[in-house]
Amino acid sequence: MIKARTIILVAPSGTGKTTIAQRLFQDFPQLKFSVSATTRSPREGERNGVDYFFLTPSEFQSRIEEGDFVEWEEFYGGSRYGTLASELVKNTEKGYFTLLDVEVKGAVRLKQMFGQQCLALFLRPPSLEILEERLRKRNTDSEESLKLRLERAEEELSYADHFDQTIVNDTLDVAYQEVKEAVQTFMNTF
Ligand code: ADP
Ligand code: 5GP
């Protein structure tokens, strides 16, 4: 069993996890990102080893068979995403907290695994209409991918009760303040 002090931001894609995570890294130098592996293609500006480890489907399959993942999921028409045990071990050995950006099912599994060593925050968009607006403005998805993300969002929103706290990301500064306070309180317990 891996030991790690983890913070998970859980939310439907497009809610604002990445935006909020970037602010957290500025405010908490003791917080490091867990870079996931994925089989989806890199978006413009994404870097291998920084945003994700971009793997081919066969590389991903080998890593599963080698037992390298703490959890992994397949969605959005066949793309796989997984948390690498090596990321958690690396951060923990250096005394860091680890921030994970994973979808709901992976997050439920990680919360069960780490219990009190894990703060799992669920972020909600103010509405599905606003979520769609944010995804369209971000302009990183095809119409097909956008549709899949929105369909999935409805199901994901029903998982909110599995997590420690729900925060609505309506006005960014207000939501961020709530996230920051929850993270500070969690860190103070160690
Ligand atoms: P996620 O990581 O959850 O997929 P992002 O952080 O990429 O989401 O945010 C999706 C889009 O919405 C981005 O273009 C971001 O700038 C914008 N955004 C994030 N939070 C807010 C907010 N509170 N109000 C308006 N736009 C936001
Ligand atoms: P995106 O393609 O927008 O980067 O991510 C799509 C979804 O995959 C997001 O909801 C993100 O949280 C999730 N995700 C990213 N990495 C992982 C991971 O390692 N495991 C799981 N289960 N989900 C992940």
### Ordering of 15-28, 110-123 by packing [mean C-beta count within 10 Å, highest first]
110-123, 15-28
### Summary
Helix-only [θ] at 222 nm, the chain, -39500 (n - 2.57) per DSSP H run of 4+, per residue, nearest 500, equals -13500 deg cm²/dmol
### Query
Taking a probe of 1.4 Å, how large is the accessible area per residue of the stretch 64-148, in Å²?
50
### Summary
The set of residues whose placed amide H lies less than 5 Å from the amide H of T98, leaving out same-chain residues fewer than 5 positions away, is R5, T6, I7, K32
### Query
Full extension from S79 to K105: what is 0.36 nm times the residue separation minus their Cα-Cα distance, to one decimal in nm?
7.9 nm
#### Entry: Under 22 Å from K3, Cα to Cα: lysines that are on another chain or at least 8 residues apart
K32, K90, K94, K105, K111
### Message
Per 0.36 nm of contour for each residue apart, how much would the distance between Q116 and T189 grow if the chain were fully extended, relative to their Cα-Cα spacing?
### Response
25.3 nm
### Per DSSP, loop GluC sites (Glu not before Pro) in the stretch 23-129 with at most 13 further Cβ within 10 Å
E44, E66
### Summary
Carbon plus sulfur, as percent of the 1.4 Å-probe accessible area of the stretch 6-185, comes to 46
### Pairwise label distance in nanometres, L172 with R136, each label 7 Å out on the Cα-Cβ vector
2.0
### Task
Name the residues whose placed amide hydrogens come within less than 5 Å of the amide hydrogen of I167, ignoring near sequence neighbours (fewer than 5 apart) on the same chain.
F122, L123, R124
### Message
Report the Cα centroid-to-centroid distance between the stretch 116-134 and the stretch 16-93 in angstrom, as an integer.
### Response
19
## Note on the structure
In debye to the nearest 20, the charge dipole size for the stretch 6-185, taken about the Cα centre with +1 at each Lys and Arg Cβ and -1 at each Asp and Glu Cβ, equals 400
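The values are calculated or read from the model by the stated rules, or taken from the named source; none is laboratory data. Note that the coordinates shown come from a computational prediction; the quantities given were computed from them, not determined experimentally. Reconstructed Cβ throughout: ideal geometry from the backbone, glycine too, with neighbour counts over all protein chains shown. In case anyone asks, the SASA skips ligands and DNA or RNA and just uses the protein heavy atoms, side chains included. Shrake-Rupley method; radii C 1.70, N 1.55, O 1.52, S 1.80 Å.
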